[in-house]
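Take a look at the structure set out below.
The values are calculated or read from the model by the stated rules, or taken from the named source; none is laboratory data. Since this is a predicted model, take the numbers as computed values, not measurements. Glycine also receives a Cβ, built like all others from the backbone with ideal geometry; neighbour counts cover every protein chain displayed. The accessibility values were calculated without ligands, DNA or RNA, using every heavy atom of the protein model including side chains. Shrake-Rupley method; radii C 1.70, N 1.55, O 1.52, S 1.80 Å.
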Amino acid sequence: MAFVRPAKQPGSLGDLLGERRRGEELRELLRNASRIAAGVGPRELRVRGGATGIVQGRHRSRGAGASTEFYEFRPYSVGDDAGRIDWKVYARSDRLYLRRFAAETRQTVGLAIDCSPSMLFRGLGPAAKDKPSKLEVALAMATAFGLITLRSGDRVAGIVSDPQRDKARVEIPALSGLGSLAELGGRMVEGAQIPGTRTARRRQPINADGLRDTLRSVAQLS
């Protein structure tokens, strides 16, 4: 982890209560994310202009591969697989051409969630304390988007961080499959603790390029 929590004795009452509280927060987050995803409907991700990933999946790639969707003809060269020669084209043109097919690839969707202290804002007025904070809403929406991504057969990665504090961050490695939804939610819950940590409150030099660095880091996780 990038930020430090006070050390506790293993098996202490504080550990047990903390684990129970995080478990409740995780279940609530997953329930909210499921409701948001259900409201969006049975949608799937579509990539404009073709995907660039190398992991096999559903999206059409910008290159040729072994799927069943026709991509282009290419003149035959010595050493090419003769099984890909299009004999109908040969009968018409007296030239050997190969049929190439579009590869399908699986994309990694990157999430960047701001958890700076300002995200703890709940609104104004007496009723504000009963409203979810901006951070809680952001985490639920990000988890819902992650759910839709995993359900579509793609991968999800991301970073929950305070962009202006380099060490206040939790990384989400590239996850795939609905079975990894709990891990995604667990990382979100962990990131929600950042605004209340000493690292986030301590006076540190402001990183003016924090958002740019965060987005670059998300891209590297894929």
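Before we move on, is Thr143 under 23 Å from Arg27 (Cβ atoms), in contact with a strand residue (DSSP E or B) (Cβ under 6 Å, 6 or more places away or on another chain) and part of a helix (DSSP H, G or I)?
Working: under 23 Å from Arg27 (Cβ atoms): yes; in contact with a strand residue (DSSP E or B) (Cβ under 6 Å, 6 or more places away or on another chain): no; part of a helix (DSSP H, G or I): yes.
Here the answer is no, as Thr143 does not meet what is asked.
What do you reckon, is Asp154 at pLDDT below 90 and under 18 Å from Ala37 (Cα atoms)?
So Asp154 passes the test.
Could you look through segment 115-137, keep only residues that are assigned to a helix (DSSP H, G or I) and farther than 23 Å from Arg169 by Cβ, and pick out the one that is least open to solvent (accessible area, probe 1.4 Å)?
Across segment 115-137, the extreme among qualifying residues is Ala128.
Filter segment 146-159 down to the residues that are outside any loop (DSSP other than H, G, I, E, B) and open to solvent by less than 80 Å² (accessible area, probe 1.4 Å) and list them by number.
Gly146, Leu147, Ile148, Thr149, Leu150, Arg155, Val156, Ala157, Gly158, Ile159
Across segment 160-178, what is the number of residues that are surrounded by fewer than 24 Cβ atoms within 10 Å (Cβ to Cβ) and either assigned to a loop (DSSP other than H, G, I, E, B) or at pLDDT 90 or above (or both)? Please lay out each step first, then the result.
Kept after step one, since they are surrounded by fewer than 24 Cβ atoms within 10 Å (Cβ to Cβ), are these residues of segment 160-178: 163-164, 166-167, 169-171, 173-178.
Going one step further and asking which of them are either assigned to a loop (DSSP other than H, G, I, E, B) or at pLDDT 90 or above (or both), we end up with 163-164, 166-167, 170-171, 173-175, 177.
Residues meeting the conditions: 10.
Quick one: count up the residues across segment 68-97 that are surrounded by 13 or more Cβ atoms within 10 Å (Cβ to Cβ), assigned to a strand (DSSP E or B) and modelled with pLDDT of 80 or more.
2
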